[in-house]
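Rule-based calculations on the coordinates, nothing more; no lab input. Keep in mind that this is a model prediction, so the values were computed, not measured. Every residue, glycine as well, gets a Cβ built from its backbone with ideal geometry; the counts of neighbours run over all protein chains shown.
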Amino acid sequence: MYNFAIAFHKAVVANSLEPNFVYSPVSVWLILAGIAEGADSVTRQQIFNLLNVPNDECTRQKYYQLTTSRIVQTDDVKIISNRILLLDAGVTPNQTWYDIVMKNNLIEVLTAPIKHDPAVTAEEIKRLMHAELPRLNFDGNSVILDTIDYNALWTTEFVEANIERSPFHDQFGNPAGFVDLMKVTKRARVGYVKSLKAKVMELPVGENEHYRICFAMFPESNDIIADFGILTVDIVFEIFESLKDSFDPVEVAIPRMVMSSEIDVRSLIEYLGVTSLWNNPAATRNVSNPPALPSSFVQRATMTFGNQGLHSPPPAPAGIYGTPTGLDYKIDNAFIADRPFLYALYDAETYTVIMASAFIEPTYMN
């Protein structure tokens, strides 16, 4: 999964028109897996290679069940995900394929009058996705729609009184604007990743800390996107291994924000080498009759960071002068996100990356 997530991240970076973006690699992974289940042998293998999915059907189903179970709804964590193949009226899904994708909760199949009434279809899609989607087109007989929205309670709240409009700096350290920093002093899992020269911090989400968000800052870099471009699976695990519980409370400050992105996934998948899916009837002949030819694949992702949490922050105990912090000296007992940073949401059991983002420009520009 990380091989695909890293490849997709690099494709997003290479093609993004916005400095701030958020996306869900696992949602794209599930959709592509669903389409591959109805693809011809060549296209199927091409997608399976990109996703690192095994050829054995029983093993694949175990992968699908494990992956879809990472996205859950609870009272304190809301991750709303919709994965839809929208077929033109008159295009009939193949029953065998339909049963597979529904059984494994990979993708929902709906119909709309794409060719007969594209205006009505566009309005229905806006309703489903709560977005304008200017890149959407109806040249084919289907479109792929993907939405994912995150809004959850932190395990430990950020007190309202500790939110301050604070300066935000660009990658060179120059003032760029302002953000509303949510501040708390608490014990946290923090670390320093030598290969990336990055400070990282992990904050738990929800009552049982089922989810975590890892933040990464690059104080020694003038181009964090380029530096993060060296990311490999080995470095991912170096990040996780670097995280250590602080002996003493750490000053934590991250922006309060709502970030939303609309990504043309089709162009990214083509960038990654899957090109036959969109206009070759043989490629999707087992998906539907006539074969589905999706002219668009669009993802709209939204991530909300509020200050509410389940538990009030404990009073910070007084540190003992001269005692070791247990942290790398470059961490400096603080993680203040007042310059560009990256972050990722993942589940605590399997470390599957559900959403990832880059925060480069401040909420309020100079």
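Things worth noting here:
- Per the Debye calculation on the range 106-237 with a single equal scatterer at every Cα and no solvent contribution, log₁₀ I(q)/I(0) for q = 0.16, 0.20, 0.22 Å⁻¹ amounts to -1.02, -1.16, -1.27.
- The share of Cα pairs per 5 Å bin across the range 138-180, counted from zero up to the longest distance, runs 5, 13, 10, 11, 12, 14, 11, 6, 9, 8, 1 percent.
- This ranking places Arg127, Arg300 by how few other beta-carbon atoms lie within 10 Å of each, fewest first, which gives Arg127, Arg300.
- Global size of the range 173-224 as Cα Rg and Dmax, reported in angstrom: 13.6, 39
- Angstrom value of the Kirkwood radius, inverse mean 1/r, which spans all Cα pairs in the range 168-296: 18.6
- From most to least packed by mean Cβ count within 10 Å, the peptides 286-293, 41-48, 12-19 give 286-293, 41-48, 12-19.
- Rg/Rh (Cα only; Kirkwood hydrodynamic radius) as it applies to the range 192-262: 0.98
- Pairwise Cα distances in the range 244-314 exceed 13 Å for 78 percent of all pairs.
- At most 14 other Cβ within 10 Å, DSSP loop - GluC sites (Glu not before Pro), the range 123-218: Glu132, Glu207, Glu209
- Going by neighbour counts of Cβ atoms within 10 Å, the residues Ser260, Ser221 line up, fewest first, as Ser260, Ser221.
- Each residue of the range 36-91 gets 127 Å³ once the volume of the Cα convex hull is shared out per residue.
- The Cα trace of the range 24-159 gives Rg and Dmax of 16.8, 55 Å, the first to one decimal, the second as a whole number.
- Considering only the chain, percent of DSSP beta bridges that pair antiparallel, nearest 5: 75
- Residue exposure sequence - Met355, Met1 - by fewest surrounding Cβ within 10 Å: Met1, Met355
- The range 140-194: chymotrypsin sites (Phe, Trp or Tyr not before Pro) falling in loop per DSSP and having at most 10 other Cβ within 10 Å: Phe172
- Fluctuation leader among Asp117, Asp56, Asp180 - the chain, Gaussian network, Cα springs under 10 angstrom: Asp56
- Taking every DSSP helix (H) stretch of at least 4 residues in the chain, weighting each as -39,500 (n - 2.57) and dividing the sum by the residue count yields a mean residue ellipticity at 222 nm of -7500 deg cm²/dmol.
- 3J(HN,Hα) from dihedral phi, the range 45-50, Karplus parametrisation 6.51/-1.76/1.60, rounded to Hz, x for glycine, proline: 5, 4, 5, 4, 5, 5
- Ordering of 69-78, 28-37 by burial proxy (mean other Cβ atoms within 10 Å per residue, highest first): 28-37, 69-78
- Estimated dipole of the chain in Debye, rounded to 20 [Cβ of Lys and Arg +1, of Asp and Glu -1, Cα centre]: 300
- Extent of the chain along its three principal axes (Cα atoms, max minus min coordinate, largest first): 73, 43, 39 Å.
- Mean separation of Cα contacts under 8 Å, 6 or more apart, over the residue count of the chain: relative contact order %: 27
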